[in-house]
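Peer 1: Sharing a structure, written as structure tokens. Questions coming.
A short reminder: the numbers here are calculations on the coordinates, not readings from a lab. Predicted model, so just to flag it, every value in this text is computed and none were measured. We place every Cβ from the backbone using ideal geometry, glycine too, and count neighbours over all the protein chains shown.
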């Protein structure tokens, strides 16, 4: 690592160079400069100066609320993280990722999330896998058989339904761990009030006048010849099973003209509990998103916990980048609330990344122990810990992310359990940051217009709805590309 590099808060004078870092690092079209800079808050950027006065790298933070246990938790989204090509391989990225942590804690952003270009880099700074993001392309025949036990009347949505669709989404957030609250600006870009370019269908709520019980939103894209079009699902959302099935039936109803339906969801998608068929080769891409606990006691208090869960676990946490989290903590859960107070015996020793993955409901203590990021000689403590957060379904991963060799975590003065902890590779999960979205999430960057490559990280969009892809829990705009008819993710 370059110990002499100066990391500082960005200034307005840095705006142009920050753009150049982003453009160079991600190959962005220069025509998008003004739109990209309009969403850049230099007060939330940290930069590292190069040897000749130029900027060598930047990290930018975007604030969100992310839902866990039925409660919104203040979250910092890393977007983007860029190091100039000539300054790479010097440890600057790791230093940049760690640099904002004290500021995030001071702002009350108790967790941080991102989509990783490198698991090893972010794992070394305390992030760990917390959810899945899978793009599938279903043959429409897989969905055609979905039908409700009791058919609900589906009608075409109008501009008068837009705000009701917003409220329907907001009502669903408490039941979806990992969901991100959508802002008014996000909605304006992703579901324009004119409904231009989107197909919208709704089911009216029979008990609440003016409200909808569910909605299906999708776009048409070019299809392979000789078909007329294909369907790119933005979101199908409903809490009532018959409403949900009725909406999916509409989405899958154009099979003679549209042979394929693009859907984004978790590794274990609810869609498999609805469809009659599951074609084996539907996965187009699959990656993971990562989370880090920034302020341990505040994060424990912020999320909701299962009402029936009760127990006490003594932890010893290894956190080299955020020392306020390191050491022994007593975790107590009761009646849907929890607290972490300093002290205890340190029966369960784990890295901050392991704690973060468990906190998010991604990895069980047993999985973390198998992969080396948690150690405990008391099986009763592991069972207690496992019962405090709902277990995640096991599922197979087809991710092409390369596995990195575990790095041994060391801490002077740690117990012998801690100094053998490994930053091990975690497996797949069910905690959702993304549901019903099309386009791969971005690799460490803000959303950008479609350039035919990879998408974006935790951005809420910068361009008009037809050109932007946004990563929150439940949806984003879809940008068609002019070549093969495949709707590609955008930066």
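Peer 1: What is the list of residues in the range 44-72 whose amide nitrogen lies under 13 Å from a point 7 angstrom out from the Cα of residue 188, following Cα to Cβ?
Peer 2: none
Peer 1: Based on the alpha-carbon gyration tensor of the range 98-167 and its eigenvalue square roots a ≥ b ≥ c, which shape applies: rounded if a/c is under 1.5, prolate if not and a/b is larger than b/c, or oblate? Provide the component values of the computation, followed by the final result.
Peer 2: On the way: a/c = 3.96, a/b = 1.86, b/c = 2.13.
Since a/c reaches 1.5 but b/c is at least a/b, the shape of the range 98-167 is classed as oblate.
Peer 1: How do 25-38, 114-127 rank on mean C-beta neighbours within 10 Å, highest first? The partial results should precede the final answer.
Peer 2: Details: 25-38: 14.9, 114-127: 22.3.
Descending packing order for the listed peptides: 114-127, 25-38.
Peer 1: Could you work out how far apart the two model spin labels at residue 208 and residue 153 are, taking each label as a point 7 Å from the Cα in the direction of the beta carbon, and quote it in nm?
Peer 2: Output for this residue pair reads 2.0 nm.
Peer 1: Right, another one. Quote the relative contact order of the range 10-158 in percent (integer), defining contacts as alpha-carbon pairs under 8 Å separated by 6+ residues.
Peer 2: On the way: 168 pairs, mean separation 25.8, N = 149.
Over the range 10-158, the number comes to 17 percent.
Peer 1: Kindly identify the range 1-109 as rounded, prolate or oblate by the Cα gyration tensor criterion: order the square roots of the eigenvalues as a ≥ b ≥ c, call it rounded if a/c is under 1.5, otherwise compare a/b with b/c, prolate if a/b is larger, else oblate.
Peer 2: oblate
Peer 1: Right, next: Give me the one-decimal nm value for the distance between modelled label points at residue 366 and residue 86, 7 Å along each residue's Cα-to-Cβ direction.
Peer 2: 5.4
Peer 1: Here is a further query. Remind me, relative contact order of the range 172-327 in percent, using alpha carbon pairs under 8 angstrom and six or more residues apart? Don't skip to the end; give the middle numbers.
Peer 2: Working: 151 pairs, mean separation 19.3, N = 156.
Value for the range 172-327: 12 percent.
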